[in-house]
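The values are calculated or read from the model by the stated rules, or taken from the named source; none is laboratory data. Owing to the predicted nature of the structure, the values given are computational and were not obtained by experimental measurement. Backbone-built Cβ (ideal geometry, glycine too); neighbour counts: all protein chains shown. Please note that ligands, DNA and RNA were not included when accessible areas were found on the heavy atoms of the full protein model with its side chains. Shrake-Rupley method; radii C 1.70, N 1.55, O 1.52, S 1.80 Å.
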Amino acid sequence: MKPEDRERIVSDVVGRILDREMRLAADDPSRLEEVIAETIYHELARLKREKSTPETAKETATLKKLRGRLLRVSETEKRDILKGMIRRFVNEVLGNFSPRVYQLSTRVIPAGLSLLLNALSPKRMLSNLPHLPDFQEQIRLKGEIAQIRSLMDKGTLILTPTHSSNLDSLVVGYSLFALGLPPFVYGAGLNLFANPFLSFFMNNLGAYKVDRKKKAPLYKEVLKEYSTCSLELGYPNLFFPGGTRSRSGAVEQKLKLGLLGCGLRAYINNLRAGKAKPRVYIVPCTLSYEMVLEAETLVDDFLKEKGKNRYIITDDEFSRPRKVLNFIQSLFALDSHIEITFSTALDPLGNRVDMQGNSLDPKGRPIDLARFVHDLDGKPATSAQRDREYTRELGEAVAQAYLRDNVLMSTHLAAYATFSVLVEINDQLSLFKLLRTGGIYESVPVADVVSRLKSLLQVVEDLMARGRVRLDEDLDGLPAEDILALALKYFGSYYSGNPAIERKGNRLFARQMNLLYYYSNRLQGYGINSLLERRNEVGAP
Amino acid sequence: MKRVGVIGGGSWGTSIANILGLNGFEALLYVRNPEQRQEINEEHQNSRYLRGFDLSPKVRAVETVEEAARNSKLIIMVVPTKVFRPVARELGEYVQGDQMILSASKGFELSTFKRMTQILREETCCRKIGALSGPNLAKEIMQGQPCATVVASRYEEVAQAGARVLHSSRCRVYLNDDLVGVEVGGAMKNIYAIAAGILSGLGLGANTQAMMVTRGLAEMRRVGQRLGAVKETFMGLAGIGDLMVTCGSALSRNFRVGLGLGKGQTLEEVLDSLGMVAEGVRTTKAVHLYAKQEKIYVPIAEAMHRVLHEGMAISEVVGDLMKRRARYEVDDIA
């Protein structure tokens, strides 16, 4: 980002939010006071939860003083106070945004990542060549790559990946580099910076920091307006619309619409400003891992009693360098791979977009997108209720793309087959009890799982033929027995000592029911259970 | 907004066009039949469906879907559900993203159980889609009797636009954002209208009717909630309101179908003498298929399916219905 753009974004964000608040205040005289009081309330609550330091004490005192003063100040002063608050938030968000780092990031991260992985790679022995290793085998890029390249100069892109692991940021960062794309503006959670081992990468990759502990609506407005402004200036953005890593292991279907809506806002603002390239494109992309670094912690959190689970987890596998090393080593040693699949681009309403960047209706006819945001006089305008609905439909389209471009891998399929057999033989236990107790019967004959896996593969092939899901190409044509063996190898290696499933003789033992459940959940959202049932009913072989 | 397109010149489509005309809007009514078109444009009558009623001169019959749709900010679809998809597909060729479409057709697509607005979403580029429903008998509306109707959409501006063109001293318009509930209510009530007609034809009285209507409402609500409807909607005009009118009036087509069956006519005989489409017959089949797949408890709709599509005797079906075990009422109603 150019330094002048940075200045412009700061003043635009402050100006726009302040304008909006002043317009609302015109109808509601107590508005300014309420917004300020609300922000103070949320900030004080946050400070109270945090570890106390001289800084937090100072900040608390300042806020309390301001709260006391609020009743006595004039409307003009309130406006200034609010402006100060917005400015503070904006500076905080942009505080770590260094244009120099942003420019360098695509060059630095992949190199750094390469060095790290190279150091771990067993292949290092084979080649002491000075060039960096090629990740084509480990990180495979698939999908509509040609379209992304084509759209880069037709409008502004928003990349919206699924979110399973903190490593997603690194994987996406590498992918952008591998595709020769410029870095994307990305709001990374503060917790990603906390880990010294990886903060180097995060600092370079995440162009700005998001403090998810800040709950004040005003702060969230700042984040959204920041994204909108950067999009308007033509900076591509990266959002994880799931909001947080998928806890259950399933492909996320409930998306956070707040940030997703920025694309539409930027598009309308661009139209109003008469920009030459007003369009914004949303590119969903699906990250599929054979093994997820933080699976154990994530699924444990998912299964916690309601209310006890956490939105932000900081003490997981990701914060333990040895775990990360072990994971990356496994990735190499096992010839394991990560698939990143770029879906067909969408417009801010969720319509599919063609190679030239034109929006298409459900029947594939080109449409005039600008008309969708016209007011009654035929001029482009925002409309809060309408735009919320448009964004909701966009969210649905992104969620559908996730399911379609989800790549099913050996671990997912084997876990699903094993878990579904286990559920059947433990039919007197509820799902929750099964997961909690590990079941009454914790082992099953290998033959039963293989037979289930065979049926499952046929169901998955039917779904694939209808374009509803993808299957890892490495598994293509592989017999069920081999897929199971592959999965056992992965489970056995990364979770060495305590694998999810283990084969002893002719039986499979579920060692970690939760992990089995986690990996099997990648097949959720397709109605596979009832498809399997139906196959049995018609007596298919 | 001066011009409104109405696709479908049956009795309900013509009545809607007439309301629009009386409210001062130019109503472009797509009518397939050339004689009917000529009659509407020259004599301001549509004697095939609404004999004896004068239409507003602002109602103009047009020859093509394109003419009705091209320059209308709002388009109202009033065609039988059987042809809804092909007509919507044609409409899709002419509409743009700033246009709004309301469906006044009540029913589901047989093979998919999709609602009419879902079909509009699939066949056109339009997003601003909604439904018009409620206790509205075309003839009573043509007589100028006071009535109320519901315009439902997830897009506020669609509901507002519907209200703007339809609201008058004779017609109150209520808005609703529960599109699913409004469409399910409007579609399913036709099943119970046929059932009510049968009971009347059998000479059964008010007790029996009240039982059927109340339990029918519970079935509608169960199906609706499975599809994501808000249960309160079924307590409104598009739920119980529409159910009351259609189960209690001899002006209702579906009621008349049931009446004929109850008096011993065959389904073919009744439909022949009606001369119009009775949506309830198809809707019964659609609900039967969906409820079976989703395992939803709809005993009255099931019974109607046996009568209409499986050739079972009415006496047998009514006997079966009455023999079911006692259940707690609140389990279903609350």
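Site pair A:Asp211 and A:Lys304 shows an inter-label distance of 2.2 nm when each label is modelled 7 Å from Cα along Cα→Cβ.
For the stretch B:74-107, accessible area lost to neighbouring protein chains reaches 30 Å² or more, against the chain alone with a 1.4 Å probe, at B:Gln96, B:Gly97, B:Asp98.
The calculated FRET efficiency for A:Glu473 paired with B:Arg172, based on their beta-carbon distance and R0 = 51 Å, is about 0.25.
Mean partner shielding of peptide B:155-163, defined as the number of other chain Cβ atoms within 10 Å of each residue Cβ, is 2.
Averaged over its residues, the stretch B:3-177 has an accessible area of 39 Å² per residue, based on protein heavy atoms and a 1.4 Å probe.
The orientation-averaged projection of the convex hull spanning the C-alpha atoms of the stretch B:3-177 amounts to 8.8 square nanometres.
In the stretch A:407-537, the portion of solvent-accessible area held by carbon and sulfur atoms comes to 47 percent [1.4 Å probe, whole percent, DNA, RNA and ligands not counted].
Rounded to the nearest 500 deg cm²/dmol, what is the calculated helix-only ellipticity per residue at 222 nm for the protein assembly as shown, with -39500 (n - 2.57) per DSSP H run of length n ≥ 4?
Helix contribution divided over all residues of the protein assembly as shown: -16500 deg cm²/dmol.
Placing pseudo-labels 7 Å out from each Cα toward the beta carbon at B:Leu110 and A:Tyr441 gives an inter-label distance of 4.5 nm. Taking every alpha-carbon pair in the stretch B:181-333 and binning the separations at 5 Å intervals from zero gives 2, 10, 20, 25, 22, 14, 6, 1, 0 percent. Go ahead and run the numbers for FRET between A:Arg392 and B:Tyr328, Cβ-Cβ distance against an R0 of 35 Å, rounding to 0.05. Given R0 = 35 Å and the Cβ-Cβ separation, E is 0.40. The mean number of partner chain beta-carbon atoms within 10 angstrom of a residue's beta-carbon across peptide B:120-128 is 5. Separation of the alpha carbons by more than 18 angstrom is noted, of A:Lys154/A:Lys277; A:Lys224/A:Lys277; A:Lys64/A:Lys220, for A:Lys224/A:Lys277; A:Lys64/A:Lys220. Within chain B, which whole H helices from DSSP have a Cα span along their axis of at least 27 Å and a mean Kyte-Doolittle hydropathy of -1.0 or more, if any? Both cut-offs are met by B:179-201, B:206-226. In a fully extended conformation the segment linking A:Thr56 and A:Glu92 would gain 11.5 nm over its present Cα-Cα distance, using 0.36 nm per residue. Judged by the mean number of other Cβ atoms found within 10 Å, the most tightly packed of the peptides B:203-214, B:153-164, A:76-87 leads the ranking B:153-164, A:76-87, B:203-214. Loop-located trypsin sites (Lys or Arg not before Pro) across the stretch A:352-419 with a Cβ neighbour count of 15 or fewer within 10 Å are A:Lys363, with loop assigned by DSSP. Coordinate range of the alpha-carbon atoms in the stretch A:450-541 per principal axis, descending: 40, 26, 24 Å.
For the stretch B:65-223, the relative contact order comes to 17 percent (Cα pairs under 8 Å, sequence separation of at least 6).
Burial annotation for the stretch A:346-387: residues with an accessible-area loss of at least 30 Å² between the isolated chain and the complete set of protein chains, computed on heavy atoms with a 1.4 Å probe, are A:Pro362, A:Lys363, A:Arg365, A:Arg371, A:Phe372, A:Leu376, A:Gln385, A:Arg386.
Across the accessible surface of chain B, with the other protein chains kept in place and a 1.4 Å probe, carbon and sulfur atoms take up 50 percent.
Amide H to amide H distances under 5 Å link B:Arg172 with B:Cys147, B:Ala148, B:Thr149, where only residues 5 or more positions off or on other chains count and H is placed in the peptide plane. Measuring nothing but alpha carbons in the protein assembly as shown and taking Rh as the Kirkwood radius, the Rg to Rh ratio lands at 1.01. Accessible surface area normalised per residue over the stretch B:181-333 is 45 Å², counting heavy atoms of protein chains with a 1.4 Å rolling probe. For the set B:Lys82/B:Lys189; B:Lys139/B:Lys231; A:Lys363/B:Lys106, the pairs lying more than 20 angstrom apart at their alpha carbons are B:Lys139/B:Lys231; A:Lys363/B:Lys106.
Quick check for you: which residues of the stretch B:53-86 have the amide N under 12 Å from the point 7 Å beyond the Cα of A:Arg371 toward its beta carbon? Only B:69-74 pass the distance filter.
Association of chains A and B removes close to 1800 square angstrom of accessible area from solvent, both sides included, for a probe radius of 1.4 Å. Largest first, the extents of the alpha carbon coordinates of the stretch B:23-99 on the three principal axes equal 38, 29, 18 Å.
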